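Single-structure report; data block below.
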Amino acid sequence: MTDRARVWVMGLSFVPLAAFLIWGISGLNAFGFYPGPYGDIINAIGDWQRHAWNMATAVNFDYRGFDTMGEEYIMFVSVVGVALILRERELEDKSSRTTLAESERADGVGVLSFVLLPIVVVFGIYMALHGPNTPGGGFQGGAIVGTAFLFAYLGSGHKAFAAIGKTEVVEPLEALGALAYVGIGLVALFLGDEFLTNYLPLGTAGNLWSGGTIWAINIAVLLEIGTGFLLATGEFLKEIQPPE
């Protein structure tokens with residue numbers, strides 16, 4: 001197919017797509033409209049029933065924790081898929097791959113990256129651990145922690161990043177995070193409850209370890225998502241690593 005033909009095909013397909021989008025947007029309710037009643041019920045009972053102030057986290061990791069487990073495994077399988085595809089390419093003739101030579105970095109970039117990396121990692125852990133009480137949680141915190149290690153690449157290059165994100169360390173940790181979520185649910189079964197029943201002491205609402213199993217699942221998700229991002233980023237960076 002020629003470039004001109006591709007443009008025509010794209011243009012003809014864009015018209016009905018745009019019409020459907022406009023049709024869908026025109027039928028939306030006014031901003032702020034909430035049909036209820038699920039959110040109202042959770043806001044009314046979540047505080048005293050789960051000792052958590054962040055109802056979004058209480059819903060994700062408790063009231064509908066089984067669905068969230070599936071979402072976590074979407075991330076897990078996606079990272080495994082990326083690793084398998086890119087590692088298969090790595091076994092091919094490396095002469096056909098694009099490589100970028102390491103460029104000299106300004107001292108300011110290196111120093112700033114060195115300073116920011118631990119700060120961003122700590123902030124990501126903070127976001128995850130305080131998920132039951134403030135906006136955040138394991139998914140958000142894990143994404144922050146996993147991508148924070150890009151500062152090592154920006155400041156010192158690929159070798160520094162590879163030293164941090166060693167595959168033999170990151171892969172078992174990601175698997176452990178994914179397994180821990182299921183393990184927390186299986187413990188509930190052994191205790192005679194339903195899968196993922198909140199069986200740990202709820203603690204005091206507002207404290208760090210409040211929410212029962214919510215904080216434990218938060219840590220499991222933090223570990224899986226953080227290492228997942230780190231592993232996937234490392235595989236992509238291998239595609240442009242400088243020639244040895």
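The values are calculated or read from the model by the stated rules, or taken from the named source; none is laboratory data. This is a predicted model, so every value here is computed, not measured. Using ideal geometry, Cβ is built from the backbone for each residue, glycine included, and neighbour counts are taken over all protein chains shown.
When the residues of the range 173-202 are filtered to those that are outside any helix (DSSP H, G or I) and free of Cβ contacts under 8 Å to residues at least 60 places away in the same chain, the one that is farthest from Gly142 (Cα to Cα) is Gly192.
Just one of (1) modelled with pLDDT under 95; (2) hydrophobic (A, V, I, L, M, F, W, C); (3) touching a helix residue (DSSP H, G or I) at 6+ places or on another chain (Cβ under 6 Å) fails for Ala180. It is (1).
Checking Phe151, Phe123, Phe139 one by one, the residue that is in a helix (DSSP H, G or I), among the aromatic types (Phe, Trp, Tyr), over 24 Å from Met55 (Cα atoms) and modelled with pLDDT of 90 or more is Phe151 and no other. Can you list the helices (runs of 4 or more DSSP H) lying wholly within the range 23-97 that have 1 or more residues being under 26 Å from Phe195 (Cβ atoms), modelled with pLDDT under 90 and of a type in the set (Gly, Ala, Ser)? The helices (runs of 4 or more DSSP H) meeting that bar are 38-50. Candidates in the range 188-207 are the residues that are under 14 Å from Phe66 (Cα atoms) and buried (at least 16 other Cβ atoms within 10 Å of the Cβ); of these, the one that is nearest to the chain's Cα centre (by Cα) is Leu196.
Scanning the range 218-227 turns up at least one residue that is hydroxyl-bearing (Ser, Thr, Tyr) and touching a Leu at 6+ places or on another chain (Cβ under 7 Å). If you check Met10, Met55, Met1 for being of a type in the set (A, V, I, L, M) and either under 30 Å from Gly228 (Cβ atoms) or in contact with a strand residue (DSSP E or B) (Cβ under 9 Å, 6 or more places away or on another chain) (or both), only one passes: Met55.
Checking the range 25-38 against the condition returns a match, with at least one residue being at positive phi and either surrounded by 10 or more Cβ atoms within 10 Å (Cβ to Cβ) or without any contact (Cβ under 8 Å) to a residue 24 or more places away in the chain (or both). Name the one entry in Ala216, Ala160, Ala178 that is buried (at least 16 other Cβ atoms within 10 Å of the Cβ), on the phi < 0 side of the Ramachandran plot and more than 17 Å from the chain's Cα centre (by Cα). The match here is Ala160.
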